[in-house]
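Visitor: Before anything else, here's the structure in question.
Please treat every number below as a calculation from the coordinates, not as lab data. Just so it is clear, the model here is predicted, and its values are computed rather than measured. So basically every Cβ, Gly included, is an ideal-geometry build from the backbone, and we count neighbours across all protein chains shown.
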Amino acid sequence: MLSLPAPSVYQAPKCFVTYGTMAHVEPKQLPTKGKPWAPILAQGFNHKVDLILPQECYEAVHQKLVEELAAPTFHRVIMTLGQVLNGAFFNEYIKKGNVLMLSEGRTTVENVFSLREGLLTMYLDKETYERAGLVGKPHGVKGKRGMKPRWVVSYQLRDPSMFHGKKGFDRLLYACKNVLNTPVTWLFCNATTTAPSPDPLDQYFPTRYTCNPNLVADMHVQTAPLAVPSEIIQNGDRPSLEDFATETYEWLSLIRLQSPRVEAGDSIDPYLSRYQVPGDGDAPSHSRVCKITWQGFFTPEWVRGVLINALVALPSRTWVFLSATSFSKGMAGDSAEVAFLRPPASPGHYLFWEIKGDE
């Protein structure tokens, strides 16, 4: 009998890579369209941001990102979905304001709610979906043994029809009162710089968190060639570009993990690890790099601001790398990610990765 792999709701993650040029950025004129900006803004629920750059440039970036900019904050609060959709909280934060909210749980197993730019998305199991009486669509892969059916329901709460007395909104409130009435733990992030006064969030006794950056300085590493070979660009050699991007992303990821495999002078037995830093293995080059990490709950606009401020603070011919990782929707490690690299001595050029971890 054949041994078949266990069915999975999600397909294997996919990585898309882009090499291109971009216009000069100005902090007062924030870009929104085209790559790399549109994919960065499309990734809504960011959990971790890593910034890697040469050690000699650390002071300039530290002053711009750590000393001049306030550390991002978010809250952890316990609320029912009905409390989110009622009273001053609904009017001030959802109708008038701009907040990011994500409930605890895995979308592949549990009932999970998310709210971004007024769009409420609910991932429900079949029983809850049928009891709620809402209109949604199937979610995930159907027709596999052992996989329970899932449903996703969405409401744009900023629509003019989303008010008390309107049929669709009253149906949602009825479901919140009678079915979706269990208190859940939310992560809450206010995307605006000001909060209403009095703050409707205070009545739910939230816990506030400040995301101070963590610095790993002066890492002595074997350096991979980060500049895209000119012949790849001139010849439009897509397979070679993908190979170069894969090797570069792997090297940068090992730095993010602080792996000893990229340390200068690493001499592990090849039986235990066959990894080799890209480049000339006979005469490897070494350099010192640093890594700044923020971990918490971040809006995509804040991630864009980190990248823009880093590009402005650094000399135009200096390389810099930024990655932003989303919350996992299912199993650990099943996250989406966007990653940006400005190669050395290449002003205006970039290499961009999009890792799609969801279905």
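Visitor: For the range 61-100, state the semi-axes of the equivalent ellipsoid (square roots of 5 times the eigenvalues of the alpha-carbon gyration tensor), sorted largest first and rounded to whole angstrom.
Guide: 32, 12, 6
Visitor: Next question. If the only charges are +1 at each Lys and Arg Cβ and -1 at each Asp and Glu Cβ, what is the size of the charge dipole of the range 73-210 around the Cα centre, to the nearest 20 debye?
Guide: 620 debye
Visitor: Can I ask one more? Once the piece of chain linking Asp202 and Lys167 is laid out straight, how much longer is it, given 0.36 nm per residue of separation minus the C-alpha distance between them?
Guide: 9.6 nm
Visitor: Would you mind pulling out the separation of the Cα centroids of the range 158-209 and the range 277-351, in Å?
Guide: That distance is 35 Å.
Visitor: Please say if the range 292-343 is rounded, prolate or oblate, where rounded means a/c under 1.5 for a ≥ b ≥ c the square roots of the C-alpha gyration tensor eigenvalues, and otherwise the choice is prolate for a/b larger than b/c and oblate otherwise?
Guide: Note, shape of the range 292-343 comes out prolate.
Visitor: Beyond 22 Å between alpha-carbons counts as too far, so tell me which of Lys64/Lys95; Lys33/Lys291; Lys95/Lys166; Lys28/Lys356; Lys48/Lys148 fall in that bin.
Guide: Cα-Cα > 22 Å for Lys64/Lys95; Lys33/Lys291; Lys28/Lys356; Lys48/Lys148; rest within.
Visitor: Scan the range 201-287 for trypsin sites (Lys or Arg not before Pro) in coil per DSSP, keeping those whose Cβ has at most 11 other Cβ atoms within 10 Å, and list them by number.
Guide: Listed in order of number, the matching sites are Arg274.
Visitor: Of Gln43, Met22, Ala310, which is farthest towards the positive pole of the chain's charge dipole, taken about the Cα centre with +1 and -1 on the beta-carbons of Lys, Arg and Asp, Glu respectively?
Guide: Of Gln43, Met22, Ala310, it is Gln43.
Visitor: At 0.890 mPa s and 25 °C, plugging the Kirkwood radius over alpha-carbon pairs of the range 73-210 into Stokes-Einstein gives what diffusion coefficient in µm²/s?
Guide: Taking Rh from Cα pairs, D becomes 156 µm²/s.
Visitor: Given a Förster distance of 45 Å, report the FRET efficiency between Ser154 and Arg238 from their Cβ-Cβ distance, rounded to the nearest 0.05.
Guide: It comes out at approximately 0.80.
Visitor: On to the next question. Could you list the residues of the range 57-93 with an amide nitrogen less than 16 Å from a label point located 7 Å from the Cα of Thr194 in the Cα-to-C-beta direction?
Guide: Hits in the range 57-93 for Thr194 at 16 Å: 92-93.
Visitor: I would also like to ask the following. Ratio of the chain's C-alpha Rg to 2.2 N^0.38 Å, to two decimals?
Guide: Relative to the rule-of-thumb radius for its length, the chain sits at 1.12.
Visitor: If you line up the long axis of helix 238-256 against the longest principal axis of the chain, both from Cα atoms, how many degrees apart are they, to the nearest 10?
Guide: Value to nearest ten degrees: 80.
Visitor: Assuming R0 = 22 Å, can you tell me the calculated FRET efficiency for the pair Ala71 and Glu250, based on Cβ-Cβ distance, to the nearest 0.05?
Guide: 0.10
Visitor: Another question, if that's okay. Nearest 10 degrees is fine. How inclined is helix 167-178 to the longest principal axis of the chain, computing both from alpha carbons?
Guide: It works out to around 90 degrees.
Visitor: How big is the dipole moment of the chain about its Cα centre under a simple scheme where the beta carbon of each Lys and Arg is +1, that of each Asp and Glu is -1, and everything else is neutral? Debye, nearest 20, please.
Guide: Rounded to the nearest 20 debye, it is 1680 debye.
Visitor: Oh, and also: With label points built 7 Å along Cα→Cβ from the Cα atoms of His220 and Glu127, find their separation and express it in nm.
Guide: Those two pseudo-labels are separated by 6.0 nm.
Visitor: Helix 300-313: angle to the longest alpha-carbon principal axis of the chain, degrees 0 to 90, nearest 10?
Guide: Its long axis makes an angle of about 30 degrees.
Visitor: Do the sum for the chain: with -39,500 (n - 2.57) for every DSSP H run of n ≥ 4, divided by all residues, what is the mean residue ellipticity at 222 nm, to the nearest 500 deg cm²/dmol?
Guide: -6000 deg cm²/dmol
Visitor: Cα centroids of the range 55-80 and the range 226-267: how far apart, whole angstrom?
Guide: Cα centroid of the range 55-80 versus Cα centroid of the range 226-267: 28 Å apart.
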